[in-house]
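In what follows, a single structure is set out as structure tokens and then discussed.
The values are calculated or read from the model by the stated rules, or taken from the named source; none is laboratory data. Note that this is a predicted model, so its numbers are computed, not measured. We place every Cβ from the backbone using ideal geometry, glycine too, and count neighbours over all the protein chains shown.
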Amino acid sequence: MGLLAVSLIAFPLSSAAEEAIARVAILREFPPTKPQVAASWQIFVEELQKHGWTEGRNVVFDHRAAGGHTERYGELATELVALAPRVILTIGSAATEAVRQRTQTIPIVMIGVGDPVNTGFVASLARPGGNITGVSDQLPDTLGKLLQFAKEIRPKASRVAFFWRPDNPATRIGKRNIEAAASKLDLTVEANSVTTDAELDTALSAMALAPPDAVVVPPIPPMSLRTREIAQFAVEHRFLTLANNPAMVRAGLLISLSPPSADTTRRAAAIVVKILDGAKPADIPVEQPTKFELVINLKTAEALGLTVPPSILARADEVIE
């Protein structure tokens, strides 16, 4: 045998099983150790495993979580981009915007983005055209329906308030959609710009003096971190609370309309798999919800002295009693 052949026997090459590790980065509000995140993260990991991507064997995950402090998204996104991952999973518009500002080459798979076209994340749903694709939740489109539910539950409603963040692309679009929907329902709207706890306190104090008939509460900080407090405040001051997050309704808000979280997670995982297998995000259409789940908290309705019409209850996917 020649020297090369002997060397190959004495020092065998790595087996095919010892594959190169693919790095997947994740930027979100809370880490997977949080109960409200753990279930969806487990679904994501299992979906990747079904397609041959197993943590510790051929994929590694790098997590970064802002912990409710969205101002940290910038620095966290910088950290993740520096790791040069194969793909970055972003949950929410603020996280997606932070990563987009720092890379136009690393593939980004977004979840929880309300309107990716009007926020400028993609050129179109069918042809994203850049380094971003994912699953849109189309939540701004549900806001009009939530206002309709409010009018059905409280027919004499005339004023609706909502919280929004000027620095959040989704709530900027949501503000526009709420205002358009409210005008069709003869509702006067009151926009409350809230980026800090102090601003939320100010908004709630104003509502205590002149309570609206209903308030739209987005699933972003600081509102998402003070859901139970807002729910109790709403009962005390007798106004309806409308949301796009079932966990917030389980925590005491009245009604929520949103895509099923598990379905969204599975679809996002499938897109991540496509990219790990070599597909380009520009060629992967952004997926849209095929269903929206209606969740109603009847305990909250009872505390408000309200009767939820049977026509709404019949459509509910979950009723909390």
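What are the pairs, 6+ residues apart or on separate chains, where a residue within the stretch 143-158 that is assigned by TED's automatic domain parsing to the domain that holds Arg315 has its Cβ under 8 Å from a residue that is among the charged types (D, E, K, R)?
Close Cβ pairs satisfying both conditions: Gly144/Lys184; Ala150/Asp213; Arg154/Asp213; Lys156/Asp213; Ala157/Lys151; Ala157/Asp213; Ser158/Asp186; Ser158/Asp213.
What pairs can you find where one residue is in the stretch 177-191 and without any contact (Cβ under 8 Å) to a residue 24 or more places away in the chain and farther than 16 Å from Trp164 by Cα, the other is aliphatic (A, V, I, L, M) and in a helix (DSSP H, G or I), and their Cβ atoms are less than 8 Å apart, with a gap of 6+ or different chains?
none
Residue by residue, here is whether (1) closer than 27 Å to Pro289 by Cα; (2) part of a strand (DSSP E or B); (3) in contact (Cβ under 8 Å) with a residue 40 or more places away in the chain holds:
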| position | (1), (2), (3) |
| --- | --- |
| Gln36 | yes, no, yes |
| Val60 | no, yes, no |
| Tyr73 | yes, no, yes |
| Ile106 | yes, no, no |
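If you check Gly134, Gly68, Gly114, which single one turns out to be buried (at least 20 other Cβ atoms within 10 Å of the Cβ), on the phi > 0 side of the Ramachandran plot and either in contact with a Leu (Cβ under 7 Å, 6 or more places away or on another chain) or in contact (Cβ under 8 Å) with a residue 12 or more places away in the chain (or both)?
Every option except Gly134 fails the conditions.
Based on what the data block shows, is Pro166 farther than 25 Å from Ser261 by Cβ and not basic (Lys, Arg)?
yes
For every residue, the table says whether it meets (1) outside any helix (DSSP H, G or I); (2) touching a His at 6+ places or on another chain (Cβ under 8 Å); (3) not β-branched (Val, Ile, Thr).
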| site | (1), (2), (3) |
| --- | --- |
| Gly134 | yes, no, yes |
| Glu152 | no, no, yes |
| Lys175 | no, no, yes |
| Pro221 | yes, yes, yes |
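Could you please let me know if Pro259 is surrounded by 19 or more Cβ atoms within 10 Å (Cβ to Cβ) and closer than 14 Å to Leu146 by Cα?
Yes.
Of all residues being out of contact with any Asp or Glu (no Cβ under 9 Å at 6 or more places or on another chain) and assigned to a loop (DSSP other than H, G, I, E, B) in the stretch 294-320, which is surrounded by the most Cβ atoms within 10 Å (Cβ to Cβ)? Just the residue, please.
Going through the qualifying residues, I end up with Leu304.
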